[in-house]
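This report concerns only the one structure given below.
What follows draws every value from the coordinates through simple rules; no lab data is involved. Remember, predicted model here, so these are calculated numbers, not experimental data. Cβ placement follows ideal geometry from the backbone for every residue including glycine, while neighbour counts extend to all protein chains displayed.
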Amino acid sequence: MSLFLADTWHLLVRHIRTTIRIPIWIAVTLIQPVIWLTLYGQLFRRVVEIPGFESGSYIQFLTPGVVIMTALFGSAWSGMGILEDLTDGVMDRLLATPVHRASLMTARVLHAALTVAVQSVLILAFGLLLGARVNGGVVGIVSILVLASLLGSGFSALSNGLALVTRREETLIAIINFFGLPLTFLSTAFITSNLMPDWIRFIARGNPVNWAVDAARFSMLGQNWSGVAWRMLLLAFFALASIALATRAFRAYRRAA
Amino acid sequence: MSAISVENLCKTYRNGVKAVDGLSLRIESGEIFGLLGPNGAGKSTTVRVLATLTAPDSGVVQVAGCDVLGDPHGVRRRIGYVAQASGVDKWATGRENLTLQAQLQRVPSATITARVEEVLKWLDLLDASDRIVKTYSGGMKRRLDLGMGLIHQPHVLFLDEPTTGLDPETRAALWRDLRRLRQEQKLTVLITTHYLDEADQLCDRLAIIDHGKVVVTGSPAELKKKVGGDTVVSLDDVYLHYTGHRFDAGEWRE
């Protein structure tokens, strides 16, 4: 166990160091959420007037949605890092050492979670600038960061596992493009569940992205803390299960490579 | 005891390519052993199986007394692996690369700083040690690769084309160091190379591999004698005799 923690820490330091040396990446991944917030926030400003939309301001409604959407997309690309390490021979060099396999995965996931937390803070700040309000206070903000990081952990693990199994950039890109937007639109990121068709509302109930969006919105409003708590628990299970599954991908890699 | 023993190793990839087909090999402790063979002969796959990166379909493979399937961890603790693709982190400095490698290879943490310093000095990289590897020349990167493989003083070192891209002086220095390490630490080295002079001058014994099998093993002198008898022949002639091709450095550059 202590070896697992030590390995994870040393590898996490490597990932953080790389990010700090190429900080442009954090900026690039923030361009999209800024566009979503300003453009969508303006374009759909009046949807809140539709009967059944229980929020008074669309930017208030949209901000947690965009935070979670960015967490989803940011972490879904995390497998690209593994592909780069595979191409450079770094992955093989690491795999030929006694390093804990779970550490290789956990360090990447923690790095993705930290990146998501930093991005979420910046998006929240931008949302506040545009007029959103966090009635949940500091607890609400921390809760949103935890929710986004948990969701990011789960999807970064899945992305890393897929990268190890497919070992092809094209495949990973195709899968992310195929699932990314549907997962977002099958959630309350842009529209309240009251206005969803029944079948979408039904599917959304099993969608981790939807758990995170709902809980982030409650945290922002400072309501329904029990609802936040159990969704957070579900997301934690989702993250752990994804990490466990992704770690098994190293075995598939050893059989196939 | 043999440092490496391979019995009847087979590996077929999922796309149906039979990379290794009943390969057997025995390498003694303290030997510098060369693998020669045309592209696709199974050299890289064999080295990957020995380094626990690829799981064999069948066969018994032991490295430094541990089984690659039964005790991969034991193997990993005792080997250094330097692949053809560099394998160093280009966004980290030379010192950071070596330090992380030492940590992952379980070098006692109290000795890591000193050990990294020692290796940097030995590789003549002290001046560049705090620059990120992206700024290194090909030769510097290759030397760092070697340092990564040796940081934890392994029993067995795998080198996949170690001197590609090195100038003749650095190559000569590397050969000298490998011979010294073998003498001082009884390091066993398994090397694949695309330089026949390297195989000839550096290796104690060679195996020529073709179609996933070992065709012949012996010291360079023995092999030349076997093929040429009393006439003087080169290693190139030996290679041609056993594989049917000239040894062509060009074919290695896929």
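Note that segment A:59-101 carries a Kirkwood radius of 12.7 Å, evaluated over its alpha carbons pair by pair.
Along the axis of the charge dipole computed for segment B:134-254 (Cβ charges of +1 for Lys and Arg, -1 for Asp and Glu, origin at the Cα centre), the listed residues B:190, B:235, B:146 are led at the positive end by B:146.
Please report the orientation-averaged projected area of segment A:175-239, defined via the convex hull of its C-alpha atoms, in nm². Please list the in-between numbers first.
Details: hull surface 19.1 nm².
Projected over every direction and averaged, the Cα hull of segment A:175-239 covers 4.8 nm².
Applying 0.36 nm per residue to the separation of residue A:32 and residue A:179 and subtracting their alpha-carbon distance, the gain on full extension is 51.2 nm.
Quick one: which of B:90/B:141; B:18/B:226; B:43/B:134 span more than 18 angstrom between C-alpha atoms? Mind dumping the intermediate values first?
Numbers: B:90/B:141 9 Å; B:18/B:226 29 Å; B:43/B:134 29 Å.
Too far apart for the 18 Å limit: B:18/B:226; B:43/B:134.
Segment A:97-139 has equivalent-ellipsoid semi-axes of 35, 10, 5 Å, by the square roots of 5 times the alpha carbon gyration tensor eigenvalues, sorted largest first. Other residues whose C-beta falls under 14 angstrom from the C-beta of residue B:63 contribute a net charge of 0, scoring Lys and Arg +1 and Asp and Glu -1. At q = 0.18, 0.20 Å⁻¹ the log10 of I(q)/I(0) for segment A:132-197 amounts to -0.87, -0.95, computed by Debye summation with a single uniform scatterer per C-alpha, solvent ignored.
Amide H contacts of residue B:210 (H built 1.01 Å from N, in plane; Pro and chain starts excluded): B:215 sit under 5 Å, all sequence-distant by 5 or more or on other chains. When restricted to Cα atoms, chain B yields an Rg and a Dmax of 18.2, 58 Å, respectively.
Taking the empirical scaling 2.2 N^0.38 Å for compact globular proteins as reference, the protein assembly as shown has a Cα radius of gyration ratio of 1.17.
Specify which residue in the list A:22, A:97, A:177 is farthest towards the positive end of the charge dipole of chain A, using unit charges on the beta carbon of Lys, Arg (+1) and Asp, Glu (-1), about the Cα centre. Farthest towards the positive end: A:97.
In debye, nearest 20: dipole of the protein assembly as shown around its Cα centre with unit charges on the Cβ of K, R (+) and D, E (-)? Mind showing how you got there, number by number?
Numbers: 51 positive and 44 negative charges, 245 e Å.
Dipole of the protein assembly as shown, to the nearest 20 debye: 1180 debye.
Over chain B, what is the relative contact order in whole percent, taking alpha-carbon pairs under 8 Å and six or more residues apart?
On the way: 474 pairs, mean separation 63.5, N = 254.
The value is 25 percent.
Treat every Asp and Glu Cβ in chain A as -1 and every Lys and Arg Cβ as +1, leave all other atoms uncharged, and give the resulting dipole magnitude about the Cα centre to the nearest 20 debye. Please list the in-between numbers first.
Working: 19 positive and 11 negative charges, 78 e Å.
With Lys and Arg at +1 and Asp and Glu at -1, about 380 debye.
Ordering A:139, A:219, A:6 by Cα displacement along the dipole of chain A toward the positive end leaves A:6 in first place; charges were set at the Cβ atoms of Lys, Arg (+1) and Asp, Glu (-1).
Straightening the chain between residue B:180 and residue B:134 buys 13.6 nm, computed as 0.36 nm per residue apart minus the Cα-Cα spacing. The label-point distance for residue A:224 and residue B:240, in a model that sets each label 7 Å from Cα toward Cβ, rounds to 8.1 nm. Between segment A:76-143 and segment B:116-194, the C-alpha centres lie 34 angstrom from each other.
From the mean inverse distance of alpha carbon pairs (Kirkwood) and the Cα radius of gyration, derive Rg over Rh for segment A:119-257.
Values: Rg = 16.8 Å, Rh = 16.4 Å.
With Rg and the Kirkwood Rh in hand, the quotient comes to 1.03.
Between residue A:244 and residue A:198, the modelled label-to-label distance comes to 3.6 nm, taking each label 7 Å out from Cα in the direction of the beta carbon. Between residue A:170 and residue B:67, the simple spin-label model (points 7 angstrom out along Cα→Cβ) gives 4.1 nm.
How long are the three semi-axes of the equivalent ellipsoid for chain A, computed from the Cα gyration tensor as the root of 5 times each eigenvalue, in whole Å, largest first? Mind showing how you got there, number by number?
Working: eigenvalues 226, 65, 58 Å².
Square roots of five times the eigenvalues give 34, 18, 17 Å.
First select every other residue whose beta carbon is under 13 angstrom from the beta carbon of residue B:215; then total the charges, Lys and Arg +1, Asp and Glu -1. Before the final figure, lay out each step's value.
Values: positive: B:43, B:213, B:226; negative: B:21, B:210.
Combined, the nearby Lys, Arg, Asp and Glu give +1.
Label reach from residue B:126 (point 7 Å along Cα→C-beta): in segment B:92-115, amide nitrogens under 14 Å belong to B:114-115.
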